[in-house]
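Below: the structure, in structure tokens.
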Amino acid sequence: MNNKIRVIVSGAGGRMGKEVVKLVLQDEELELAAAIDRSSKDIDAGRLVGLEECGVIVSSDLEAALANAAGDVMVDFTTPQSVYANTALAVKYGVRPVIGTTGFTPEQIAELDKQCKEQGIGGLIAPNFSIGAILLMRFAAQASKYFPHLEIIEYHGDQKLDAPSGTAIKTAEMISEVRQELRQGNPEEEETIEGSRGGYYNGFRIHSVRLPGVFAQEEVVFGGYGQSLKIRHDSYERAGYMPGVKMGVQKVMEYTGMIYGFEHFIE
Ligand code: NAP
């Protein structure tokens, strides 16, 4: 009997999508059900990622794949503009979404949770599949109890579409759950150049740096009397996210409802 989890990869021709296709093709517990991409269609998915032919031809029709490819899970790394519709479509067809694309609003996540529960399937939206980044968020939340004055600085490549990063937003949310309410800085403060102080979130600031050559980094800087603390995580390549993606694909088979944040799977 074939107990492999059948995975539909949405955004298969993208930088993250190609890593996911490689993961699925090379992992004995996973099977590629379909590979969806707008611009690389009609080529073999194995060839697309530099491996041997696998017999799955890349297509541009996500809905047809969700309806006909007998997928258990859809992994999506596309764009903030397309991901909500892709996720809702997967849920509609009973295919469990594992979403790495960032850019959801809290209202969208709540709506998808409702839809997953109605369908009796699990889903995962994970702004960051990296264990190091999850630990940064945890440590930062812990530190904010003792150092409530903080700023988040995140660094990504200059072609990233959304700002701040989903990881920075998640970090801010986790900090806000435990940090005492406090509006930092001088109440009389004025920006002479608009945006200089970064984005405002629950009393503290988030800064998004966008530069070519940068992959993904985040630091949380805490200031106290006579001391400061910095917690920083650096990601160097996309393959580093794949153990997290695999864990997400396996876990999502086991529960009902939409989970937001990979940290829920890490003890
Ligand atoms: P990318 O290389 O630009 O790939 C994006 C893919 O999405 C491409 O295959 C693109 O196809 C496709 N696409 C674009 N618009 C689409 C649409 N309207 N409908 C369907 N597909 C569409 O981007 P990436 O670096 O792989 O990143 C993808 C997403 O993952 C981003 O949101 C990024 O922030 C996020 N990300 C998350 C994590 C995590 O751990 N959760 C890690 C890294 C990145 P075409 O080329 O045909 O347009």
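Below are the figures for this structure:
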| quantity | calculated |
| --- | --- |
| Amide H within-cut-off set for Arg205, under 5 Å, with H built and near neighbours excluded | Ile152 |
| Range of Cα positions in the chain per principal axis (Å), largest first | 63, 39, 30 |
| Three-way shape call for the stretch 131-235 based on the alpha-carbon gyration tensor, with the a/c threshold at 1.5 | oblate |
| Estimated FRET transfer efficiency when R0 is 25 angstrom, pair Ile57-Ala85 (beta carbons, to 0.05) | 0.60 |
| Proximal lysines relative to Lys18, as straight alpha-carbon distance under 16 Å, when same-chain residues fewer than 8 apart are discounted | Lys41, Lys246 |
| Qualifying lysines (Cα of each under 18 Å from Cα of Lys251; at least 8 residues distant if same chain) | Lys4, Lys117 |
| Sequence-distant lysines (8 or more away, or on other chains) whose Cα lies within less than 26 Å of Lys230 | Lys145, Lys160, Lys170 |
| The stretch 60-173, relative contact order in percent, only Cα pairs under 8 angstrom and at least six apart counted | 22 percent |
| 222 nm mean residue ellipticity, helices alone, for the chain (DSSP H n ≥ 4; -39,500 (n - 2.57); rounded to 500) | -10000 deg cm²/dmol |
| FRET efficiency for His264 and Thr192, using Cβ-Cβ distance with R0 set to 51 Å, rounded to 0.05 | 0.75 |
| Per-residue SASA entry for Lys117, accessible area with 1.4 Å probe, Å² rounded to 10 | 110 Å² |
| Percent RCO, i.e. relative contact order, over the chain, from Cα pairs under 8 Å lying at least 6 residues apart | 19 percent |
| For Val56, residues with placed amide H under 5 Å, excluding near neighbours | Ala45, Gly46 |
| HN-Hα J in Hz across the stretch 120-130 - Karplus 6.51, -1.76, 1.60, θ = phi - 60°, x for Gly and Pro | x, 10, x, x, 9, 10, 10, x, 8, 8, 8 |
| 5 angstrom amide H check on Ile121, placed H, neighbours 5+ away | Gly257 |
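The values are calculated or read from the model by the stated rules, or taken from the named source; none is laboratory data. Just so it is clear, the model here is predicted, and its values are computed rather than measured. Virtual Cβ from ideal backbone geometry, glycine too; neighbours counted across all protein chains shown. SASA here: full protein model, heavy atoms, side chains in, ligands and nucleic acids out. Shrake-Rupley method; radii C 1.70, N 1.55, O 1.52, S 1.80 Å.
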